[in-house]
Amino acid sequence: MPSSSPLPPPPPPVGIRSWPDRDALLRDRAVVLGELVTGFIGPARLGILWMWAGTAAFGWSLVGAAWLMFEDALGAFDAIPGVFCLAGGAALLVPAVVLLAVGAARDLRIHRLLVAWGGLDRDPAWDAPLRRPRASLAWLLTSFPLCAVGLFACVAVPATARAGEQTYGLVALLMGLGFLAWLTGLTGLVKAFAHRRWVLRVLAGAPAAVDA
């Protein structure tokens with residue numbers, strides 16, 4: 001879930017802060033926090049998460065299809081379509097997983113900046129637009145079912161394999177898709193709860209001492 005826009009720097013140390021007054025600090029703080037909150041829990045971020053997760057799932061589907069072709073192949077010639085599927089799946093899966101990891105690392109940096117900038121001061125009028133309860137709820141409602149379905153698939157599919165109802169290739173395919181669904185849903189849940197916790201502990205907490 002990477003983004004081309006650079007992140008704002010952390011707030012300057014107390015000794016070198018140059019805000020002329022508290023109002024100037026609150027204005028800058030509101031602008032920076034608005035950008036950070038949008039970059040952390042905005043609707044575009046949810047769409048990007050699902051886009052790369054869907055790409056990874058499609059790539060894994062191709063890898064799983066290649067595995068099934070290899071299982072059913074009677075000779076080297078029959079395995080040729082599987083080789084093409086495997087190459088195409090890897091070309092989609094690997095970049096998508098890397099970008100998901102990069103996005104997760106960026107989210108962690110954004111959350112640290114939210115804590116740092118939010119802790120400078122507190123003002124209900126400036127902080128009200130930052131709470132974003134609807135955005136948090138959207139992340140929660142879309143992520144929980146995906147997480148539950150993915151976890152169920154990871155638990156139920158091996159049981160069918162032990163019963164002899166699935167081939168190993170099909171089990172790997174379904175478990176991989178379930179794991180990607182679980183991981184995507186878990187990411188959304190963590191972000192929803194992290195934003196809510198930030199609102200309660202930083203925006204609604206006692207402001208830090210400010211040397212303006």
Select from the range 160-173 the residues that are open to solvent by 60 Å² or more (accessible area, probe 1.4 Å) and part of a helix (DSSP H, G or I) and write down the one among them that is modelled with the highest pLDDT. Tyr168
Please specify each residue of the range 118-146 satisfying the condition of being open to solvent by 30 Å² or more (accessible area, probe 1.4 Å), in a helix (DSSP H, G or I) and farther than 16 Å from Leu36 by Cα. Pro124, Ala125, Arg134, Leu137, Ala138, Leu140, Leu141, Thr142, Phe144, Pro145, Leu146
Say we look at the range 54-112 and pick out the residues that are in contact with a Pro (Cβ under 7 Å, 6 or more places away or on another chain) and under 30 Å from Trp198 (Cα atoms); which of these is most open to solvent (accessible area, probe 1.4 Å)? Val102
Kindly list, by first and then second residue, each pair from a residue in the range 6-30 that is without any contact (Cβ under 8 Å) to a residue 12 or more places away in the chain and within 24 Å of Arg106 (Cα to Cα) to a residue that is exposed (fewer than 10 other Cβ atoms within 10 Å of the Cβ) and among the hydrophobic types (A, V, I, L, M, F, W, C), limited to pairs with Cβ atoms under 9 Å and residues at least 6 apart or on different chains. none
Leu86 being in contact with a Leu (Cβ under 9 Å, 6 or more places away or on another chain) and modelled with pLDDT of 95 or more: no
Among (1) in contact (Cβ under 8 Å) with a residue 24 or more places away in the chain; (2) open to solvent by 50 Å² or more (accessible area, probe 1.4 Å), which single condition is Gly150 missing? (2)
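The values are calculated or read from the model by the stated rules, or taken from the named source; none is laboratory data. Nothing here was measured: the structure is a model prediction, and the numbers come from that model. In this analysis, Cβ positions are derived from the backbone assuming ideal geometry, glycine residues included, and neighbour counts consider all displayed protein chains. Calculation scope for accessible area: heavy atoms of the full protein, side chains included, ligands and nucleic acids excluded. Shrake-Rupley method; radii C 1.70, N 1.55, O 1.52, S 1.80 Å.
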